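> Next up is a structure, given as structure tokens.
The values are calculated or read from the model by the stated rules, or taken from the named source; none is laboratory data. Computed from a predicted structure; not experimentally measured. No Cβ is skipped: glycine too gets one built from the backbone with ideal geometry, and neighbour counts run over all protein chains shown. For the accessible areas, the whole protein counts, side chains as well, though only heavy atoms, and no ligand, DNA or RNA atoms are used. Shrake-Rupley method; radii C 1.70, N 1.55, O 1.52, S 1.80 Å.
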Amino acid sequence: NTVLAGRGLTKKYGSTTALDGVDVEVRERDSLAVMGPSGSGKSTLLHTLAGIIRPDGGTVLLRGQAIDGLSENRLSTLRRKRFGFVFQFGQLLPELPAEENVALPLMLEGMPRRQAVRQARRWFAPLGLDGLEHRRPGQLSGGQAQRVAIARALVVEPDVVFADEPTGALDQATSTEVVRLLTSVAREQGAALVMVTHDADVAAHCDRILQVRDGRISHHSQYTVA
Ligand code: ADP
Ligand code: ADP
């Protein structure tokens, strides 16, 4: 039940080796936190697994199928349909109400607006966002905005959610609340989660922690039984 795997991933930027033969595996409903010092290759790893960066060597397998050979077009379709993304901040469109921000990925897939918004609204209660459907991002707190971003990442019912420092702009209490919801709602939906974070308290909410150093995995934790 491996959903996503990277095998022997390498990536160089000029003389900098960002990834140096990384093997990584993410199982169904598994949440994996990627930690490590600045410049160790965390973002490069996340972006490579997400099909945003093409590795120089190695391969990325989504449910056993290599995605690195796909054309740019097919790769971007795959990203839209099978992956969800949550970033640090600034990812919501300021002029759209929250429910339309969440509905956007469905509309990009060609779903009619009313149907997309109806589906989008289903995510508000599980994420503690009831009553905020019509707010614009500017009228939301940082934690609320991140929960809307999580809803938007999950609305396509992806295989994998990629989160890059999703709590980086939040205070500790709000971070905890957001990461709890992110891990639990992703699991309920059936998505695996790959999250880059520098915050050990946030990482502790994931099933496993991967430590990256100089483009290599320096340590990985065992599965913890919840
Ligand atoms: P053991 O210590 O029992 O020999 P491993 O050290 O191979 O087992 O793995 C411990 C756990 O960490 C396993 O659940 C495995 O799936 C996971 N794991 C090992 N290597 C990686 C990796 N590169 N990326 C993600 N998870 C890994
Ligand atoms: P982290 O996310 O752990 O901070 P990154 O994956 O961003 O690390 O970067 C790993 C290494 O690759 C660093 O030395 C960084 O400077 C380098 N790097 C990352 N992206 C680029 C790029 N687009 N061009 C040149 N070097 C890059």
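> Name the residues in segment 1-16 that are away from ligand 2 (no atom under 12 Å from the Cβ) and in a loop (DSSP other than H, G, I, E, B), would you?
Matches in segment 1-16: 1 only.
> Tell me which residues, restricted to segment 109-134, are touching a helix residue (DSSP H, G or I) at 6+ places or on another chain (Cβ under 8 Å) and more than 24 Å from residue 188 (Cβ to Cβ).
Passing the criteria: 113, 134.
> Using the structure shown, decide if residue 57 is more than 16 Å from ligand 2 (Cβ to nearest atom), more than 17 Å from the chain's Cα centre (by Cα) and of a type outside the set (S, T, N, Q).
Details: more than 16 Å from ligand 2 (Cβ to nearest atom): no; more than 17 Å from the chain's Cα centre (by Cα): yes; of a type outside the set (S, T, N, Q): yes.
Here the answer is no, as residue 57 does not meet what is asked.
> Of all residues being touching a Gly at 6+ places or on another chain (Cβ under 9 Å) and modelled with pLDDT under 95 in segment 88-98, which is most open to solvent (accessible area, probe 1.4 Å)? Just the residue, please.
The selected residue is 89.
Here's the yes/no breakdown for (1) open to solvent by 60 Å² or more (accessible area, probe 1.4 Å); (2) more than 15 Å from ligand 1 (Cβ to nearest atom); (3) not in a helix (DSSP H, G or I); (4) not small (Gly, Ala, Ser):
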site: 152; (1), (2), (3), (4): no, yes, no, yes
site: 163; (1), (2), (3), (4): no, yes, yes, no
site: 178; (1), (2), (3), (4): no, yes, no, yes
site: 186; (1), (2), (3), (4): no, yes, no, no
site: 194; (1), (2), (3), (4): no, no, yes, yes
site: 209; (1), (2), (3), (4): no, no, yes, yes
site: 212; (1), (2), (3), (4): no, no, yes, yes
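> For segment 21-54, what are the residues that are within 12 Å of ligand 2 (Cβ to nearest atom) and either at positive phi or in contact with a Ser or Thr (Cβ under 6 Å, 6 or more places away or on another chain) (or both)?
Residues satisfying the conditions are 36, 39, 41.
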